[in-house]
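Just so you know, all these numbers are worked out from the coordinates, no wet-lab data involved. Just so it is clear, the structure is predicted and the values come from calculations on it, not from any experiment. Cβ placement follows ideal geometry from the backbone for every residue including glycine, while neighbour counts extend to all protein chains displayed.
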Amino acid sequence: MVFGWEKNINDFILLIFMSALEKIKKAIEEAPKSIHPYVVFDFDGTCIVNDIGEATLAYLCERGLLKSPLLLSNKPMMIDEKYHEKIFEKYCSLLKAGRIGEAYGFNAQLLAGFKVPELTKLVTKVIATEGKNPATRELFRKTIAKGLAVISETKKLLEFMSKRKTEIWIVSASPKVLVEVGFRHFFPRVKANIIGTETELKNAVFTRKVLYPIPTYEGKREAIQK
């Protein structure tokens, strides 16, 4: 349901965006040929509705698919339903406490034990399961977002810049491997470089070792500069 004031705000935001889009297009058209243009976009909430990292976390925990028994302690734990619930609760607690960097680092650690091809298939399933209609649902007695969909205005801008040979960078605090798959799915006609939270690979398998900086807040700026 969309209330009147919400619709007015959404229409106003869209008007501002379309005005900004025209100004960006004009600036690119008028830029000297000697300038090598590049642009950096956020991913979750800017290119798509909601958060692909959180959607994948929910999918893994709800279906009991985590592989590492060491996500909560250095002592191996039984990977059962309670374990998955505790993982989900820890992530939510970190966010609630404002420990955003830790939360996203922890999210990336949940991929420990997976290989890249496995995650490619997994993200495809997550996107299909989430659907395109933004909504909410319950998981472990908490209300979470549901739905992963393209933000059409951003897509238009990305495709315009791609045609203009602008170098495109996508930055996200979500795990890089998830964003890479998600971006290819939602924006198949756009080539982009992806910056995201990463963990170390060992023998082609993801580990729990987080690679810094985590691209959120000041870490996002640092990652872009690198």
Check your understanding: Summing +1 for each Lys or Arg and -1 for each Asp or Glu, what net charge is found among the other residues whose Cβ lies under 15 Å from the Cβ of Tyr217?
Key -> -2
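Arranged from highest to lowest average of other beta-carbon atoms within 10 Å per residue, in what order do the peptides 166-177, 40-51 appear?
Details: 166-177: 21.9, 40-51: 18.4.
Highest-to-lowest ranking by the protection proxy: 166-177, 40-51.
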Review point. Based on the alpha-carbon gyration tensor of the range 174-226 and its eigenvalue square roots a ≥ b ≥ c, which shape applies: rounded if a/c is under 1.5, prolate if not and a/b is larger than b/c, or oblate?
Key: oblate
Review point. Cα centroid distance between the range 52-75 and the range 162-226, in Å?
Key: 20 Å
Check your understanding: Taking K and R as +1 and D and E as -1, what net charge do the other residues with C-beta under 9 Å from the C-beta of Tyr59 add up to?
Key -> 0
Study note, to complete from the structure: 1/(1 + (r/R0)^6) with r = Cβ-Cβ of His185 and Ser73, R0 = 30 Å, i.e. FRET efficiency to nearest 0.05, evaluates to 0.30
Review point. Going 7 Å from the Cα of Glu89 toward and past its Cβ, which residues in the range 127-156 have a backbone nitrogen under 18 Å from where you end up?
Key: 138-144
Exercise for review: Just check the range 109-150 against the gyration tensor rule for me: Cα atoms, a ≥ b ≥ c as the square roots of the eigenvalues, rounded for a/c under 1.5, and otherwise prolate or oblate depending on whether a/b exceeds b/c.
Suggested key: oblate
Study note, to complete from the structure: Rounded to 0.05, the calculated FRET efficiency for the beta carbons of Lys226 and His36 at R₀ = 25 Å is 0.85
**Study point:** Of Lys75/Lys125; Lys191/Lys226; Lys25/Lys121; Lys33/Lys226; Lys25/Lys146; Lys67/Lys125, those spanning more than 27 Å from alpha-carbon to alpha-carbon
**Key:** Lys75/Lys125; Lys25/Lys121; Lys25/Lys146
Exercise for review: For Lys121 and Glu81, calculate 0.36 nm times their separation in residues minus their Cα-Cα distance, and state this gained length in nm to one decimal.
Suggested key: 12.1 nm
**Study point:** the chain: calculated mean residue ellipticity at 222 nm from DSSP helix runs of at least 4, using -39500 (n - 2.57)
**Key:** -16000 deg cm²/dmol
Exercise for review: Just order 179-191, 115-127 by mean Cβ neighbour count inside 10 Å, highest at the front, would you?
Suggested key: 179-191, 115-127
Exercise for review: Restricting to the chain, compute how many DSSP beta bridges are antiparallel as a %, nearest 5.
Suggested key: 50 percent
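Determine the shape class of the range 63-124: with a ≥ b ≥ c the square roots of the Cα gyration tensor eigenvalues, call it rounded for a/c under 1.5, and otherwise prolate if a/b is greater than b/c, oblate otherwise.
Values: a/c = 1.81, a/b = 1.24, b/c = 1.46.
Judged from the Cα gyration tensor, the range 63-124 comes out oblate (a/c at least 1.5, b/c at or above a/b).
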Point to revise | Relative contact order (percent, whole number), the chain, Cα cutoff 8 Å, 6+ residue spacing | key: 24 percent
Exercise for review: Taking 7 Å along the Cα-to-C-beta vector as the label spot, tell me the Ala20-Thr136 distance in nanometres, rounded to one decimal.
Suggested key: 2.6 nm
Check your understanding: Under a GNM of the chain (C-alpha, springs under 10 Å), which listed residue has the highest mean-square fluctuation: Lys25, Lys67, Lys75?
Key -> Lys75
Study note, to complete from the structure: The FRET efficiency for Asn193 and Leu65, from their Cβ-Cβ distance with R0 = 25 Å and rounded to 0.05, is 0.30
Study note, to complete from the structure: Cα-based Rg then Dmax for the range 77-226, in Å, read 16.4, 53
